[in-house]
1. Criterion first (more than 14 Å from the chain's Cα centre (by Cα), farther than 28 Å from residue 98 by Cβ and either among the aliphatic types (A, V, I, L, M) or assigned by TED's automatic domain parsing to the domain that holds residue 215 (or both)) does residue 262 satisfy it?
2. I need the full set of residues from region 33-61 which are on the phi > 0 side of the Ramachandran plot and touching a residue at least 60 places away in the same chain (Cβ under 8 Å), in order please.
3. Could you grab the pairs with beta carbons closer than 7 Å, sequence gap of 6+ or different chains, first residue in region 251-274 and in contact (Cβ under 8 Å) with a residue 12 or more places away in the chain, second one of a type in the set (Lys, Arg) and surrounded by 12 or more Cβ atoms within 10 Å (Cβ to Cβ)?
4. Restricting to region 319-341, name every residue that is surrounded by fewer than 21 Cβ atoms within 10 Å (Cβ to Cβ) and assigned to a loop (DSSP other than H, G, I, E, B).
5. Could you please let me know if residue 132 is assigned by TED's automatic domain parsing to the domain that holds residue 36, within 18 Å of the chain's Cα centre (by Cα), under 22 Å from residue 245 (Cα atoms) and surrounded by fewer than 24 Cβ atoms within 10 Å (Cβ to Cβ)?
6. Does residue 64 satisfy the condition of being touching a residue at least 40 places away in the same chain (Cβ under 8 Å), farther than 22 Å from residue 129 by Cβ and among the small types (Gly, Ala, Ser)?
7. Assuming residue 258 fulfils every condition listed in (1) modelled with pLDDT of 95 or more; (2) surrounded by 15 or more Cβ atoms within 10 Å (Cβ to Cβ) apart from one, which condition is it?
8. Which one of 207, 184, 138 is at pLDDT 95 or above and either among the aromatic types (Phe, Trp, Tyr) or surrounded by 15 or more Cβ atoms within 10 Å (Cβ to Cβ) (or both)?
Amino acid sequence: MTSYQSQDVVELTIALCQIPSGTGDEAAVIDYLDKRCQGMGLSTKRQQVGSLAGRDNLFAFCKGATPSILLTTHLDTVPPYMAPSLSSDGKQLTGRGVCDAKGIAAAMICALQELMEGGVKEVGLLFVVGEETSSDGAKAAVQNFLPQVQYVINGEPTDLKLASSMKGSIVFELESTGKAGHSAYPESGFSALHQLNEDVHQILNYAWPVHNQFGATTVNIGRFEGGVAANVIADYASAKGIMRTTEDAGKLEAVLQGLVSAHTTIKILSSSSPMMFVAVDGFETCVVSFGSDVPHLKSLGEPLLIGPGSIFKAHADDESIDVADLREAVSVYKKLCLKLL
């Protein structure tokens with residue numbers, strides 16, 4: 001087996017980002033990391049998520065040891081794929097996943113390697129699929145796949161600040177049904193697109209709560225589609241959205257349901273309430289508005305959230321990360337693990 005005893009976080013990030021892994025298509029990058037972890041001398045275990053063979057969660061741990069700390073992040077990315085590129089001065093990486101979250105995965109692997117070299121075996125790795133949509137990987141991971149640990153350190157871009165609190169999220173789909181007809185005769189049909197537009201207007205303009213700790217509850221409709229032609233009354237329309245929650249998710253789901261008409265249904269794909277995190281001496285903190293896998297992994301152990309890179313570069317068409325931040329992240333993850341141990 002090829003040896004990966006000596007690995008560089010930048011080289012590893014580039015290698016991971018050269019493998020496209022949009023949500024639902026993560027099998028190839030999981031295969032690569034499985035072999036890479038085994039090359040480090042780690043034991044690995046895989047868990048299939050959904051119906052696609054090879055689309056697995058990957059758990060890696062030191063042989064003969066049960067981890068008390070889990071370093072974890074996701075390997076799926078948002079579209080479109082963008083090949084990684086190192087700037088001419090070697091100071092910045094660009095490409096899909098360098099910030100969110102393959103660079104983070106690389107930093108975690110390199111941190112574990114240094115910990116192992118120092119004789120520490122109580123830290124494991126968990127790489128999951130599906131975070132960018134419904135967190136189906138994280139939801140599956142807690143179902144008789146992993147041992148209980150003391151701490152779960154989740155990686156997302158936080159500028160290497162330890163999150164003190166995090167908004168929750170509600171990922172939802174809207175579907176509206178109508179009756180097709182000729183657009184010259186509105187009475188001949190009922191437009192699902194017009195109805196859905198009114199429902200979305202109600203959702204976007206509702207006075208959602210503002211919390212003194214978490215800030216404002218926000219909603220984004222990221223996709224809207226339906227109909228077949230400009231001169232045909234649309235008999236079907238759909239939309240996809242996400243709410244960043246600052247109060248109990250169950251209460252906000254009920255409000256959502258009450259804002260749409262009888263012609264429109266809401267399907268909740270993922271739901272979580274806001275969270276507070278434990279403080280760790282010596283680490284700068286921040287409040288984050290984005291969602292993560294943390295609410296679905298918290299049953300495994302006490303969660304923490306930290307990672308290199310800026311959330312404002314994640315999902316962007318110029319996604320990038322400073323090489324210096326990637327290298328510092330290796331030290332930060334190592335320091336945090338040693339502090340918690």
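1. So residue 262 fits the description; yes.
2. 41, 50
3. So the pair list comes out as 274/167.
4. 341
5. yes
6. Taking the combined requirement at face value, the residue satisfies it.
7. (2)
8. Exactly one residue qualifies, and that residue is 138.
The values are calculated or read from the model by the stated rules, or taken from the named source; none is laboratory data. Nothing here was measured: the structure is a model prediction, and the numbers come from that model. Glycine gets a Cβ as well: all are built from the backbone with ideal geometry, and neighbour counts include every protein chain shown.
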